[in-house]
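The values are calculated or read from the model by the stated rules, or taken from the named source; none is laboratory data. Every value quoted in this text rests on a predicted model; they were computed, and no experiment measured them. So basically every Cβ, Gly included, is an ideal-geometry build from the backbone, and we count neighbours across all protein chains shown. In case anyone asks, the SASA skips ligands and DNA or RNA and just uses the protein heavy atoms, side chains included. Shrake-Rupley method; radii C 1.70, N 1.55, O 1.52, S 1.80 Å.
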Amino acid sequence: MGATVPALLAEPVQRINDAMRMGRIESAAAMAQQSIASATQMWGAEHPEVLQLRELAAYIAYLAGDAHRSFILSMALARIRKRQKDVRAYTNIQSAAAAWRALQDPSQGLTLGQELIALWDELIADGGPAAADTHQLDAARARMDRLAERARVLADNPYARSPHAHGQ
């Protein structure tokens, strides 16, 4: 069955990629969700091809400006791949970190950042590529400090919101 899976998904993935190229991100997202649902029903939620479709959906969410959804999808993939002892968990954690950096609400950033850092620490403890590249985790921890300060300022003065505050 493994040889037929990519062939069965080639056409939907091509349609998704075509929609993305034409700037039809919402359409691409809907097609990705439908493909994930169909593939999950046929092969299960953790089949390698389903995981690749889920990565595509996380990327589409990021492109659509839905950083929260992209983060959630990427973190779920990182957890699955960590459990499977798949080194691609590190790629998924990096995608989650990119989405996390795009979040604009400091309190949401703090909450999700704790989840991100905890899983990232687990990946480092497991060894592999995460253990060899800790500078991005250090940057995430530094961002958490900035987010905590921003959340404190907002709690003290809710009018302190700055249009330039994103990326903090």
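A few comments on the model shown:
- If you go through the range 22-67 and keep only what is among the acidic types (Asp, Glu), outside any helix (DSSP H, G or I) and farther than 23 Å from LEU103 by Cα, you end up with just GLU46.
- For the range 21-31, residues that are farther than 18 Å from ALA7 by Cα and surrounded by 14 or more Cβ atoms within 10 Å (Cβ to Cβ) total 6.
- Any hit, the range 113-132, residues being free of Cβ contacts under 8 Å to residues at least 12 places away in the same chain, within 15 Å of MET75 (Cβ to Cβ) and open to solvent by less than 90 Å² (accessible area, probe 1.4 Å): yes
- Residues that are of a type in the set (A, V, I, L, M, F, W, C) and open to solvent by 40 Å² or more (accessible area, probe 1.4 Å) were ranked within the range 32-42; the one that is modelled with the lowest pLDDT is MET42.
- Test: ARG83 is surrounded by fewer than 17 Cβ atoms within 10 Å (Cβ to Cβ), at pLDDT 95 or above and either touching a strand residue (DSSP E or B) at 6+ places or on another chain (Cβ under 7 Å) or under 22 Å from ILE36 (Cβ atoms) (or both): yes
- Evaluated against (1) in a helix (DSSP H, G or I); (2) open to solvent by 60 Å² or more (accessible area, probe 1.4 Å); (3) not small (Gly, Ala, Ser), VAL13 falls short on exactly one condition, (2).
- Against the conditions (1) within 24 Å of PRO48 (Cβ to Cβ); (2) surrounded by 15 or more Cβ atoms within 10 Å (Cβ to Cβ), ARG143 satisfies every one except (1).
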